[in-house]
Amino acid sequence: MAISDLNKEYLKFTKQEATKWHFYLGGDPAVREGTNPDTFDWGTDVNVLYRIRENDVNFVTNRNDWSENIVAIPWNPTATETDKIIYFNRVNNIAYLCVSDNANNRSDSTIRGKNKSKNIPSHKNGLQSYSDGYSWYALFTIDPEQFDLITPNKIPVKSIDDFSTEPTSTSTVQKYSQLCGTGYTAQGTCCLYNKEETKDAIGMTFAKGSLSYVKLPTTCYRCNELAKKLNCEYVFKTGITSSSMYPVCTPCDCSITIDDKITTIGKNIESLNYSSFYRHIYANYEGWEDVSEIISVFINLEGLSDSQLTLGSANPKVTFDTITGSGAEAQLITQEVARNQHKVIGIRLLSRGKNYSI
C-alpha cells in the first residue's frame with residue numbers, strides 16, 4: 001500500500017474513533033461540596049455533555065511562515081527536515097511546497113541549504129519559479145471555514161476524501177428533503193452500491209458501482225445512515241417498498257457510476273466558495289497532466305573534474321524510463337567554454353511524463 005493510502009486510512013480511522021469520545025463540563029463547587037474528591041458521578045458532576053462527531057475532527061500540520069532570507073529544502077521522498085519544505089504565506093493563506101532552491105537545480109552540498117529565499121511565493125495554483133532561483137508548488141489553501149483553527153504554530157489541512165455534497169447547514173428534515181427529494185421519514189427502497197471492487201467471504205468479486213447484497217425497504221434517513229456505516233453509495237427509491245430477492249436488481253439499478261472525489265468536486269465546482277480548499281485542489285488538478293508525473297529533477301556535480309563536466313554539444317536532453325513510467329524528459333544546462341566544448345552547470349525539466357512511482 002502506498003504511503004498516501006496509509007495516510008488516508010489513518011485519517012479515516014482517527015475520525016471514526018473520535019466519535020467514541022465525549023466532551024463534558026461540570027464539577028460545580030457548590031454541587032461537589034462534601035463529596036469525595038476521588039469520586040465521580042455522571043448525574044451530579046456533569047452539566048454539559050457533548051459527543052464528538054466526525055465533522056468536529058480537524059487535522060493540522062506545522063505552520064512555518066515564509067520570511068525573507070529563509071532557507072527552504074526541496075521536497076523529496078526521503079526528506080527528514082519536513083519543517084523546511086512547506087512554507088505558509090499568511091497574506092493569501094496558501095501553503096507552498098518547495099520544489100527547487102536554485103535555478104540550475106543543483107543538489108551539491110555546497111549549494112543545497114545555502115541559497116536564501118528573497119521572493120515570497122504568491123501564485124495561486126500549480127508550480128512557479130521565481131527570480132531568486134526558488135520554485136514553489138501551491139500545495140493547499142486554508143479553507144475560510146477553518147480560519148479560526150489557525151494558530152501561531154499550526155494550520156489546518158483538509159483531505160480531499162472529506163468532500164461531501166450532503167447539506168451541512170440545514171435542519172435534519174431539510175437535509176433529507178434535499179437528499180431524497182422527499183420527507184424525513186418517507187418510505188422507499190434503499191439500494192446500496194460498492195464504492196470499490198470488493199470480495200465476499202467465499203471469494204466472489206463485486207465491481208465498483210455494483211449493487212451490493214443490501215437492498216431493503218426503509219426510510220430515507222435510515223438509508224443514508226446505513227450507507228455511511230457500510231461505506232457504500234446509496235440510491236433511495238422513494239415510494240417503492242417491495243423488491244425482488246437478490247440477485248435480481250429490481251427496483252434498484254444493477255450498477256451505478258461511482259465518481260472519484262476530484263470528479264465529484266468538478267461537478268459541484270460552481271457551488272463552492274471561490275477561496276475554498278476543494279476549489280483550489282481542483283484547479284491544481286486541472287493544470288496537472290497526471291498525478292504520477294515528475295515535478296522536479298536535480299543533479300549533483302560535486303567532485304567532478306572539468307573534463308568530466310565538459311561535453312561536445314550544448315544542452316543535451318535526457319530521458320527517464322522506468323518499468324512503469326515514460327515520457328519524462330530533462331535537459332542538461334551547459335555553458336560554452338570553448339569551441340565545441342560545453343560545461344554542464346545544471347539541469348532543467350522539459351516534460352513531466354506519467355506513471356512514475358516512488
(message) Among the listed residues 144, 167, identify the single one that is closer than 30 Å to residue 177 by Cα and without any contact (Cβ under 8 Å) to a residue 40 or more places away in the chain.
(response) 167
(request) Evaluate region 303-321: report whether one residue or more is within 29 Å of residue 129 (Cα to Cα) and modelled with pLDDT under 90. (result) yes
(message) Cβ-Cβ distance below 9 Å, separation of 6 or more or different chains: which pairs start in region 1-24 with a residue that is under 20 Å from residue 56 (Cβ atoms) and end on one that is assigned to a helix (DSSP H, G or I) and modelled with pLDDT under 75?
(response) 24/42
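Residue-by-condition table, conditions (1) farther than 30 Å from residue 350 by Cβ; (2) more than 22 Å from the chain's Cα centre (by Cα); (3) of a type in the set (A, V, I, L, M, F, W, C):
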{"residue": "61", "(1), (2), (3)": "yes, no, no"}
{"residue": "74", "(1), (2), (3)": "no, no, no"}
{"residue": "97", "(1), (2), (3)": "no, no, yes"}
{"residue": "106", "(1), (2), (3)": "no, yes, no"}
{"residue": "125", "(1), (2), (3)": "no, no, no"}
{"residue": "131", "(1), (2), (3)": "no, yes, no"}
{"residue": "136", "(1), (2), (3)": "no, no, yes"}
{"residue": "145", "(1), (2), (3)": "yes, no, no"}
(message) I'm trying to understand the selection: among the residues of region 10-38, which are of a type in the set (Ser, Thr, Tyr), modelled with pLDDT of 75 or more and either farther than 30 Å from residue 95 by Cβ or not in a loop (DSSP other than H, G, I, E, B) (or both)?
(response) 10, 14, 24
(message) Within region 104-127, does at least one residue satisfy the condition of being surrounded by 14 or more Cβ atoms within 10 Å (Cβ to Cβ) and in a strand (DSSP E or B)?
(response) yes
(message) Among the residues in region 202-221, are any under 22 Å from residue 164 (Cβ atoms) and either acidic (Asp, Glu) or out of contact with any strand residue (DSSP E or B) (no Cβ under 9 Å at 6 or more places or on another chain) (or both)?
(response) yes
(request) Please find, within region 314-353, the residue that is nearest to the chain's Cα centre (by Cα) out of those that are surrounded by 15 or more Cβ atoms within 10 Å (Cβ to Cβ) and among the charged types (D, E, K, R). (result) 352
(request) Look through region 167-184, keep the residues that are in a loop (DSSP other than H, G, I, E, B) and surrounded by 12 or more Cβ atoms within 10 Å (Cβ to Cβ), and return whichever of them is modelled with the highest pLDDT. (result) 167
(request) Please go through region 132-153 and pick out each residue that is out of contact with any Pro (no Cβ under 9 Å at 6 or more places or on another chain) and in a loop (DSSP other than H, G, I, E, B). (result) 132, 133, 151, 152, 153
(request) Mind counting the residues in region 211-238 that are surrounded by fewer than 17 Cβ atoms within 10 Å (Cβ to Cβ), of a type outside the set (D, E, K, R) and under 29 Å from the mean Cα position of the chain (by Cα)? (result) 3
(message) Just to be sure before I move on: is residue 337 part of a strand (DSSP E or B), among the hydrophobic types (A, V, I, L, M, F, W, C) and in contact (Cβ under 8 Å) with a residue 40 or more places away in the chain in the structure I sent?
(response) no
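The values are calculated or read from the model by the stated rules, or taken from the named source; none is laboratory data. Computed from a predicted model, the values in this text were never measured in an experiment. Cβ: placed from backbone, ideal geometry, glycine included. Neighbour counts: every protein chain shown.
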